[in-house]
1. Quick check: convex hull over the Cα atoms of the chain, volume per residue in Å³, rounded to an integer?
2. Which whole-number percentage describes the relative contact order of the chain, with Cα contacts under 8 Å and a sequence gap of 6 or more?
3. At 1.4 Å probe size, with no ligands or nucleic acids counted, give the accessible surface of VAL33 in Å², nearest ten.
4. Accessible area per residue, 1.4 Å probe, Å², for region 34-114: what's the number?
5. Using the Cβ atoms and a cut-off under 9 Å, what net charge is assigned to the surroundings of TYR94, where Lys and Arg are +1 and Asp and Glu are -1?
Amino acid sequence: QVQLVESGGGLVQAGGSLRLSCTASRNIFSINVMGWYRQAPGKQRELVATFTSTGNTIYADSVKGRFTISRDNAKNTIYLQMNSLKPEDTAVYYCNARTSISYWGQGTQVTVSS
């Protein structure tokens with residue numbers, strides 16, 4: 001069982017930055033696949049950035065060069081640094097961790113005003 005708690009969302013103007021955090025209830029050293037997804041109103045949940053099982057990172061084309069995913073295994077936490085935010089980045093951002101089961105956090109709202 002893994003519980004995930006996101007934080008760091010909020011309201012920011014276009015061009016601004018936010019850093020999201022996702023802290024797990026257990027050691028994440030052995031959880032290879034962890035990442036961030038988002039869901040905007042009326043749209044499907046989509047991948048934003050993730051660590052893969054081979055230790056690589058994958059980013060959605062829409063966020064490449066602006067967002068950076070990182071992790072601190074000692075703190076059981078992954079991060080999403082979001083720079084140059086755009087109104088179209090507005091969504092609820094969810095943390096995901098995959099073992100034999102896929103776990104989700106409760107989500108954190110990010111709103112980017114124009």
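The values are calculated or read from the model by the stated rules, or taken from the named source; none is laboratory data. What you see is a predicted model, and the numbers here were worked out from it, not measured in a lab. Don't worry about glycine lacking a Cβ; one is built from the backbone with ideal geometry, like all the others, and counts go over all protein chains shown. We work out accessible area using only protein heavy atoms, side chains counted, and drop any ligands, DNA or RNA first. Shrake-Rupley method; radii C 1.70, N 1.55, O 1.52, S 1.80 Å.
1. 94 Å³
2. 37 percent
3. Answer for VAL33: close to 30 Å² accessible.
4. Ligands and nucleic acids excluded, the result is 51 Å² per residue.
5. In short, +1.
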